[in-house]
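Trainee: Got a structure here, written out as structure tokens. Questions coming.
The values are calculated or read from the model by the stated rules, or taken from the named source; none is laboratory data. Quantities reported herein were computed from a predicted structural model and do not represent experimental measurements. Ideal geometry is used to build each Cβ from the backbone, glycine not excepted, and the neighbour counts take in all protein chains shown.
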Amino acid sequence: MRSIARGASKDDVVGIYVYMLRCADGSFYIGSATGEDVSRRVDEHNAGVYQGYTYSRRPVVLAWSQYFDRITDGIAAERQLKGWSRAKKEALIRSDWKSVSQFARRRAGAPRCKE
């Protein structure tokens, strides 16, 4: 067990996973979980432990996750991802950073690419 240094908060010691699930209906669910492994949280969603969004959209599969050392950073990332378009989320899942960047510029008011 890690000890908390003087002046450090618990938030500085315990990390958090931010994750994205692909639901059976094709939609995405974004959540967060503290602990050593996000797979347990995915199993809980599939078992129906949570009566929220994923309950009627099972089974779910883990599409993406990232660990953050600081809980506050993870919560900020979770909120940011929830505001992203579906296309931008799919680019993140593919690790297509060029597209993630392009979608970010487009949201900021840049004109759409002509087809």
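Per-residue answers, yes or no, for (1) outside any helix (DSSP H, G or I); (2) among the hydroxyl-bearing types (Ser, Thr, Tyr); (3) at pLDDT below 95:
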| site | (1), (2), (3) |
| --- | --- |
| 8 | yes, no, yes |
| 11 | no, no, yes |
| 59 | yes, no, no |
| 92 | no, no, no |
| 98 | no, no, yes |
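Trainee: Mind checking which residues of the range 18-42 are in a loop (DSSP other than H, G, I, E, B) and among the polar types (S, T, N, Q)?
Mentor: Hit for the range 18-42 is 27, nothing else.
Trainee: I've got another one for you. Going through the range 43-101 one residue at a time, which ones are touching a residue at least 24 places away in the same chain (Cβ under 8 Å), of a type in the set (S, T, N, Q) and within 14 Å of residue 30 (Cβ to Cβ)?
Mentor: Listed by number, the residues that qualify are 54, 65, 66.
Trainee: Could you please find all residues in the range 67-104 being surrounded by 15 or more Cβ atoms within 10 Å (Cβ to Cβ) and among the polar types (S, T, N, Q)?
Mentor: Those that are surrounded by 15 or more Cβ atoms within 10 Å (Cβ to Cβ) and among the polar types (S, T, N, Q): 99, 102.
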